[in-house]
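First up is the structure itself, then whatever we jot down about it.
Quick note: the coordinates plus some simple rules give every number you see, no bench work behind them. The model shown is predicted, which means the values in this text are computed figures rather than measured ones. Glycine also receives a Cβ, built like all others from the backbone with ideal geometry; neighbour counts cover every protein chain displayed.
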Amino acid sequence: MKFASLSYLGEGNDRQQSAYRTLQGLGLFNYLSAYCPVLTGTVPLGIDVDTSDLDICCEAHDRPSFIDFVSSRYGHLTGFCVDSNSAPQFSTIIRFSYQKWLIELFGQSLPAIRQHAYRHMMVEHRILQLADANFHRKVRELKQRGVKTEPAFAQLLNLLGDPYQAVLDLENYADGQLRQLLAKGG
């Protein structure tokens, strides 16, 4: 699977290579290996914009231990803060900046590949694989105007309702069904 290791970033576009150097420089994935980190979001997909951050899903069952572990190594970095949210799953969110990147770690008591951010990315990856360059361009244009990723996909595919759930609902669609959506909307 392409996203299982970070090596694809080192061979990617300029921003992916920058992200790779940043993550390698921090030693983040080695340090967090016990939390099975996975990079998610727009950078792996190559649809990021200048304001995109590096989102990393981690399997963290013990919130205080996760916070202490990350703080001990990265707590001195610019903008370091800890937050939480409860939708769709309780998450511990740790943010900090390194070089020119904002980094956000999402700790949840689920394997990274079951977390919504990863699942969204996999649906979006499949769509991008099936879509033409025009669709990619439209996603980037919407993102440059400040539209978040899932709402951008939902808008282009004419999906109704909550865009985050609507994108997740495409998870079990066959390629032919996704092609039909692309033909109708994107």
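Data for the structure
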| quantity | calculated |
| --- | --- |
| Fully extended contour minus Cα-Cα distance, from residue 5 to residue 81, at 0.36 nm per residue | 24.7 nm |
| Proximal charge balance of residue 104 [Cβ under 15 Å; K/R count +1, D/E count -1] | -1 |
| Net charge of Cβ neighbours under 15 Å - reference residue 43; Lys, Arg +1; Asp, Glu -1 | -1 |
| C-alpha long axis of helix 14-26 to longest principal axis of the chain, angle in ° | 20 degrees |
| Cut-off 13 Å between beta-carbons: net charge of the residues surrounding residue 146, Lys and Arg +1, Asp and Glu -1 | +2 |
| Within the chain, helix-based [θ] at 222 nm, where runs of 4 or more DSSP H residues each add -39,500 (n - 2.57), nearest 500 | -13000 deg cm²/dmol |
| Theoretical FRET efficiency, 1/(1+(r/R0)^6), r = Cβ-Cβ of residue 53 and residue 128, R0 25 Å, to 0.05 | 0.85 |
| Overall dimensions of segment 42-81 as given by Cα atoms, namely Rg and Dmax in Å | 13.2, 34 |
| Spatially proximal lysines relative to residue 184 (Cα-Cα < 18 Å; intrachain offsets below 8 disregarded) | 138 |
| Computed label-point distance, nm, for sites residue 183 and residue 114 using a 7 Å Cα→Cβ extension | 3.7 nm |
| Anisotropy class of the chain from Cα gyration tensor, a/c 1.5 cut | prolate |
| On Cα atoms only, tilt of 175-184 relative to the major axis of the chain in degrees | 70 degrees |
| Cα shape, segment 63-142, gyration tensor, a/c 1.5 rule | oblate |
| Where a label projected 7 Å from the Cα of residue 99 along Cα→Cβ would reach, residues of segment 37-73 with amide N under 20 Å | 37-57, 73 |
| Beta bridge orientation in the chain: antiparallel %, DSSP, nearest 5 | 70 percent |
